[in-house]
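The values are calculated or read from the model by the stated rules, or taken from the named source; none is laboratory data. Predicted model, so just to flag it, every value in this text is computed and none were measured. Glycine also receives a Cβ, built like all others from the backbone with ideal geometry; neighbour counts cover every protein chain displayed.
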Amino acid sequence: MSIRMEDLTVKFKNGVTAVDHVCLEIPKGVYGLLGENGAGKTTLMRVLTTVLAQTGGTVTLDGMQYSEQNYEKIQKKIGYLPQEIDLYPGLTVQECLEYMGDLAGIPKELCRKRIRYYLEKTSLTDHRRKKMRQLSGGMKRRVGLIQALLNEPEFLIVDEPTTGLDPEERIRIRNLLVDFSDNRTVLFSTHVVEDLVATCSRLAIMKKGRFLYSGSMQELLDEAKGHVWICRTSDEGTAREIEKNYHVSSKQFVDGGMQVKFLSEDKPEIRCAPCETTLEDAYIYVTNFRAGRL
Ligand SMILES: Nc1ncnc2c1ncn2[C@@H]1O[C@H](COP(=O)(O)OP(=O)(O)OP(=O)(O)O)[C@@H](O)[C@H]1O
Ligand SMILES: [Mg+2]
């Protein structure tokens with residue numbers, strides 16, 4: 001299972017180019033998609049699920065072109081958790097999932113077996129008789145994820161699956177996605193950097209409809225290596241100067257002052273020490289320093 005995009009473009013009627021001539025190949029496994037609000041992640045995912053047609057370029061799934069005559073075949077291979085999902089408020093969780101399974105053409109018994117399995121995996125078994133409208137936001141999100149998994153798709157597209165989940169559920173869902181990705185492709189968008197650290201080895205970073213980075217997590221970290229610095233200071237003026245001149249990735253009060261972690265392309269002129277790079281630092285590095293070079 002591999003997905004290829006070539007020169008892919010989505011231009012809306014209002015003139016916004018949400019996806020701007022991008023090329024990308026997504027291999028098997030969990031593939032992360034990071035990017036600021038409005039970067040184009042949802043639009044890209046909507047094209048990959050065939051919900052939205054591109055206005056330029058091509059997409060192929062295992063060599064099969066995204067075109068109207070192939071849409072049905074492609075849809076059978078895809079599961080999708082949209083960013084916004086509001087499933088049948090008057091149905092119970094069980095009824096809702098059975099209905100979704102029916103629409104997907106999954107035989108009844110097999111469907112029930114899968115529902116049982118995924119309800120358990122997402123800690124929803126005890127809530128299966130509740131009406132959809134009685135669920136909390138995080139529970140609805142998990143039901144949404146189950147409906148995307150029901151046909152056990154080869155290509156799973158999940159748009160911010162962990163939004164609104166408590167820490168324990170977030171971890172369970174991430175682990176579920178990793179297990180599910182065995183021999184399949186999972187495209188996972190999120191704003192939470194730790195979600196990607198915990199699940200994927202490859203990712204793309206989007207900004208203004210383009211990819212600032214695509215490749216391995218390790219190469220991304222290497223790219224920012226040597227550009228992350230830490231300064232401990234008791235002088236408020238120094239802390240302010242850092243904030244004014246550099247991209248600060250974190251700051252905290254420590255004994256006797258402030259510790260500021262920041263990014264700089266060159267060695268800063270203030271007293272500071274090089275520092276280990278996290279994915280969050282690398283993200284800030286790429287979005288701020290690479291964007292200017294494109
Ligand atoms: N149907 C639409 N018509 C016009 N413009 C749109 C439409 N959908 C999205 N856009 C615009 O396209 C751009 C990309 O939006 P998109 O929803 O893909 O971003 P995103 O990366 O998913 O953001 P977020 O992280 O907030 O979910 C934005 O400028 C948005 O306003
Ligand atoms: Mg989005």
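A few remarks follow.
- Among residues of segment 181-194 being assigned to a strand (DSSP E or B) and more than 16 Å from ligand 2 (Cβ to nearest atom), the one that is farthest from residue 154 (Cα to Cα) is 186.
- Meets criteria (within 16 Å of ligand 2 (Cβ to nearest atom), surrounded by 15 or more Cβ atoms within 10 Å (Cβ to Cβ) and farther than 24 Å from residue 205 by Cβ) for residue 106: no
- Contacts under 9 angstrom Cβ, first residue in segment 115-126 being in the same structural domain as residue 141 (by TED's automatic domain parsing), partner of a type in the set (Phe, Trp, Tyr), 6 or more apart: 124/118
- Only helices (runs of 4 or more DSSP H) whose full extent lies in segment 1-103 are considered here, and the ones with at least 3 residues that are in contact (Cβ under 8 Å) with a residue 60 or more places away in the chain are 41-48.
- Subset of segment 21-79 [more than 16 Å from ligand 2 (Cβ to nearest atom) and either touching a helix residue (DSSP H, G or I) at 6+ places or on another chain (Cβ under 6 Å) or not assigned by TED's automatic domain parsing to the domain that holds residue 203 (or both)]: 30, 50, 54, 61, 64, 79
Rundown of residues vs (1) under 15 Å from the mean Cα position of the chain (by Cα); (2) among the small types (Gly, Ala, Ser); (3) in the same structural domain as residue 247 (by TED's automatic domain parsing), yes/no style:
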residue	(1), (2), (3)
191	yes, no, no
195	yes, no, no
198	yes, yes, no
201	yes, yes, no
204	yes, yes, no
213	yes, no, no
231	no, no, yes
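- Residue 12 meets all of the listed conditions (1) away from ligand 2 (no atom under 16 Å from the Cβ); (2) surrounded by fewer than 17 Cβ atoms within 10 Å (Cβ to Cβ) but one, namely (1).
- Only listed residue being more than 30 Å from residue 43 (Cα to Cα) and touching a strand residue (DSSP E or B) at 6+ places or on another chain (Cβ under 8 Å), chosen from 244, 261, 225: 261
- Leading residue by the ranking (nearest to residue 79 (Cα to Cα)) among those in segment 140-154 that are out of contact with any helix residue (DSSP H, G or I) (no Cβ under 6 Å at 6 or more places or on another chain) and part of a helix (DSSP H, G or I): 148
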